[in-house]
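One structure is given below, encoded as structure tokens.
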Amino acid sequence: MAASIKCKPLWLGLALLGVLVVAATLGLYQLGVGQESDEPQGGPIAMPSTLGDVSLTQLGDNEIAIVSFGYTYTYCPDVCPMNQAVKRQALAQLSDAQRERVVPVMITVDPERDTLDRMSEYMQFFGSEFIGLVGSQEQLTDVAERYGVIWRRVEAPESAMAYTIDHSASLFLVNREGEILQRVLYSPTPHGLVSALESELGS
């Protein structure tokens, strides 16, 4: 009995530690790859890009942009390239006619480090049709708020990177007016994105 009593505080301590770890992990998940605001406003997007100044208004009436927010591989080696890979895999599963109507776009949440040259090199890993947008901090803040995207800078003074950025990772299907047709939550597989695209594009 005495041994049982002595072990109890250790057991409770380990259990509490486990709860705290799970809670912290869920908090990061919700910020990084989970659901953002319930009904994002969407709206215009116009920024300097790897193909010159671009705007959603340049899309055709029957075209859709897949918009995501992230930053380049050097500083975001997991979720960001996975999102771009999912776009590429989804495009490969569409018909030729459907694929021609889709424009994959990534907006950097790290305009301080992501130059247009860096973004251009990064986009080339995924395909010539991929467009990277690099706006000012003011432009980023405006668009991120309208699209319900959560992002925050996390200082890492002991790291060579100096800081990282936690950010939402949903994909947005958007038309030329900036209307959010569908929002696809982050997934390492393309199934959800393919389903959403086929729903909007038709046959």
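Taken together, the values in this text are just the output of simple stated rules run on the coordinates, not laboratory data. Keep in mind it's a predicted model, so treat the numbers as computed, not measured. Here the Cβ positions follow ideal geometry from the backbone for every residue, glycine too, while neighbour counts run over all protein chains shown.
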Here's a check for you: in the stretch 69-107, which residue that is in a strand (DSSP E or B), more than 9 Å from the chain's Cα centre (by Cα) and among the β-branched types (Val, Ile, Thr) is nearest to Thr164 (Cα to Cα)?
Val105
What are the residues in the stretch 111-136 that are free of Cβ contacts under 8 Å to residues at least 40 places away in the same chain and touching a strand residue (DSSP E or B) at 6+ places or on another chain (Cβ under 7 Å), if any?
Glu129
Would you check which residues across the stretch 52-73 are surrounded by fewer than 16 Cβ atoms within 10 Å (Cβ to Cβ), of a type in the set (Ser, Thr, Tyr) and either on the phi > 0 side of the Ramachandran plot or in contact (Cβ under 8 Å) with a residue 40 or more places away in the chain (or both) and list them?
Thr57, Tyr73
Pull out all pairs, ordered by first then second residue, where Cβ-Cβ is under 6 Å, the residues are six or more apart or on different chains, the first lies in the stretch 137-166 and is free of Cβ contacts under 8 Å to residues at least 40 places away in the same chain, and the second is among the polar types (S, T, N, Q) and surrounded by 14 or more Cβ atoms within 10 Å (Cβ to Cβ).
Val154/Thr164; Ala156/Thr164
Filtering the stretch 184-195 down to residues that are over 16 Å from the mean Cα position of the chain (by Cα) and hydrophobic (A, V, I, L, M, F, W, C) yields Val194
Could you please find all residues in the stretch 162-184 being among the aliphatic types (A, V, I, L, M) and surrounded by 14 or more Cβ atoms within 10 Å (Cβ to Cβ)?
Ile165, Ala169, Leu171, Leu173, Val174, Ile180, Leu181, Val184
